1. Please go through the stretch 26-126 and write out the trypsin sites (Lys or Arg not before Pro) that DSSP classes as loop and that have at most 11 other C-beta atoms within 10 Å.
2. Report the one residue of G65, S4, A47 whose Cα lies farthest in the direction of the positive end of the charge dipole of the stretch 1-71 (charges on C-beta: Lys and Arg +1, Asp and Glu -1; origin at the Cα centre).
3. Determine the percent antiparallel among the DSSP beta bridges restricted to the chain, to the nearest 5.
4. Students often get this wrong: which residues of the stretch 116-138 have the backbone nitrogen under 15 Å from the point 7 angstrom along Cα-to-C-beta of A18?
5. Using DSSP to call loops (not H, G, I, E or B), can you name the GluC sites (Glu not before Pro) in the stretch 63-112 whose Cβ has at most 12 other Cβ atoms within 10 angstrom?
6. What is the local net charge at G121, summed over the other residues whose Cβ is closer than 13 Å to its Cβ (Lys, Arg +1; Asp, Glu -1)?
7. Taking the solvent-accessible surface of protein heavy atoms with a 1.4 Å probe, what is the per residue accessible area of the stretch 40-129 in Å²?
8. Is the shape of the chain best called rounded, prolate or oblate, per the rule: a/c under 1.5 gives rounded, else a/b larger than b/c gives prolate, else oblate, with a ≥ b ≥ c the square roots of the Cα gyration tensor eigenvalues?
Amino acid sequence: MAISLNPYIGFRDNAREAMEFYQSVFGGDLSLNTFGDLQASEDPAEANKIMHAMLTTHSGLILMGADTPSSMPYNPGDNYSISLSGPFEDDHDLTTYYEKLSEGATILQPLATAPWGDKFGMLTDKFGVTWLVNIAAR
């Protein structure tokens with residue numbers, strides 16, 4: 001597996017519906033994980049909301065999305081980010097990308113082990129672009 005660069009769209013309470021729609025448009029396999037599945041929110045109202053969705057098409061397109069927690073701002077039109085993800089073997093490169101993107105950035109989530117076991121970090125770079133970096137666990 002190689003490092004991939006993918007769009008990541010934020011939604012407000014309708015990520016499941018949106019990602020199922022995109023699956024109907026592009027085909028492929030859709031995986032959905034809720035905040036409850038990953039024990040990633042202390043707010044019971046968010047348990048069934050989508051924390052991470054990934055649509056992988058047969059032609060190789062990848063689209064990711066999630067519900068934006070109510071504690072975070074949501075601005076339609078600004079509700080996207082870019083995801084960099086890869087296997088443990090690319091840890092050095094992905095960590096280097098995160099560190100370089102961090103220069104002048106606002107760190108939203110330091111690069112560290114996430115509830116799902118991978119190394120994950122999130123930041124908004126000095127140009128206002130939000131980046132998600134995910135390094136798969138061994």
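1. none
2. S4
3. Of the beta bridges lying entirely in the chain, close to 75 percent run antiparallel.
4. Correct set: 130.
5. Passing both the DSSP loop test and the Cβ count: E103.
6. -2
7. Value for the stretch 40-129: 58 Å² per residue.
8. Judged from the Cα gyration tensor, the chain comes out rounded (a/c under 1.5).
The values are calculated or read from the model by the stated rules, or taken from the named source; none is laboratory data. Please read these numbers as outputs of a predicted model, since none were measured by experiment. For neighbour counting, all protein chains shown are included, and Cβ atoms are generated from backbone atoms with ideal geometry for every residue, glycine included. SASA here: full protein model, heavy atoms, side chains in, ligands and nucleic acids out. Shrake-Rupley method; radii C 1.70, N 1.55, O 1.52, S 1.80 Å.
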